[in-house]
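Peer 1: My questions will all concern the structure given below.
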Amino acid sequence: MTQVILHLAKLESWSEAVSLGVYKSSTRDKALEDVGYIHCSTPEQLASVASSVYKDYLGELVILEMDLDQLEQAGLKVLFEAGGHDEQYPNIYGPIPVDLVSSTKPAVMVAGLLHHLS
């Protein structure tokens, strides 16, 4: 069974990654180089992550969907680590080639809650 890993990104960060061929943002306003990994979530964790990290963000967001097996087969280390609320969150240790992102979904925050636009 495929395990889906999600990452919530600013649309401009994703657009830049598409032009470069690789995504290197860790989380809101933090680079992979600064943090050491890219913060991700499972589908069940996404809403709480969005409310925590992007609660006051007014810009456009994009949800990046990736397959755990494909990430690991490409040589990326993915570790599930403690991230608060007694939950294990997936973290990707390295830049993500954009071709490993299986789909993207536009989203925005409305009153502190994540809303999918598609």
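The values are calculated or read from the model by the stated rules, or taken from the named source; none is laboratory data. No experiment lies behind these values; they were computed from the predicted model shown. Using ideal geometry, Cβ is built from the backbone for each residue, glycine included, and neighbour counts are taken over all protein chains shown.
Peer 1: So which residues in the range 64-90 are in contact with a Phe, Trp or Tyr (Cβ under 8 Å, 6 or more places away or on another chain), of a type outside the set (A, V, I, L, M, F, W, C) and either touching a residue at least 40 places away in the same chain (Cβ under 8 Å) or in a loop (DSSP other than H, G, I, E, B) (or both), if there are any at all?
Peer 2: GLY83, TYR89, PRO90
Peer 1: Kindly indicate whether VAL49 is in a strand (DSSP E or B) and either under 11 Å from ALA9 (Cα atoms) or touching a residue at least 12 places away in the same chain (Cβ under 8 Å) (or both).
Peer 2: Judged against the criteria, VAL49 is not a match.
Peer 1: Write out, first by first residue and then by second, each pair whose Cβ atoms fall under 6 Å of each other, whose residues are 6+ apart or on separate chains, and whose first residue, in the range 10-21, is closer than 11 Å to GLU60 by Cα while the second is surrounded by 17 or more Cβ atoms within 10 Å (Cβ to Cβ).
Peer 2: Pairs found: LEU11/VAL62; SER13/SER25; TRP14/VAL62.
Peer 1: For the range 88-118, name all the residues that are exposed (fewer than 15 other Cβ atoms within 10 Å of the Cβ) and either among the hydrophobic types (A, V, I, L, M, F, W, C) or out of contact with any strand residue (DSSP E or B) (no Cβ under 7 Å at 6 or more places or on another chain) (or both).
Peer 2: Scanning the range 88-118 gives ASP99, VAL110, ALA111, GLY112, LEU113, LEU117.
Peer 1: Checking the condition loosely packed, with under 14 Cβ neighbours inside 10 Å, modelled with pLDDT under 95 and small (Gly, Ala, Ser), which residue from GLY84, GLY75 passes?
Peer 2: Testing whether each residue is loosely packed, with under 14 Cβ neighbours inside 10 Å, modelled with pLDDT under 95 and small (Gly, Ala, Ser) leaves just GLY84.
Peer 1: Which condition breaks for MET1 when tested against (1) at pLDDT 95 or above; (2) assigned to a loop (DSSP other than H, G, I, E, B)?
Peer 2: Against the list (1) at pLDDT 95 or above; (2) assigned to a loop (DSSP other than H, G, I, E, B), MET1 comes up short only on (1).
Peer 1: Additional query: Could you please find all residues in the range 31-57 being surrounded by fewer than 15 Cβ atoms within 10 Å (Cβ to Cβ), over 14 Å from GLY83 (Cα atoms), touching a strand residue (DSSP E or B) at 6+ places or on another chain (Cβ under 8 Å) and not small (Gly, Ala, Ser)?
Peer 2: Correct list: ASP34, PRO43, LYS55, ASP56.
Peer 1: So how many residues does the range 91-118 have that are assigned to a strand (DSSP E or B) and of a type outside the set (Lys, Arg)?
Peer 2: 18
Peer 1: Out of all the residues in the range 56-84, which are of a type in the set (Phe, Trp, Tyr) and farther than 16 Å from SER26 by Cβ? Talk me through it step by step, then tell me what you get.
Peer 2: Initial filter on the range 56-84 (of a type in the set (Phe, Trp, Tyr)): 57, 80.
Result: PHE80, single match.
Peer 1: To continue, here is another question. If you go through the range 4-29 one residue at a time, how many are modelled with pLDDT of 95 or more and touching a strand residue (DSSP E or B) at 6+ places or on another chain (Cβ under 8 Å)?
Peer 2: Residues that pass the stated criteria total 17.
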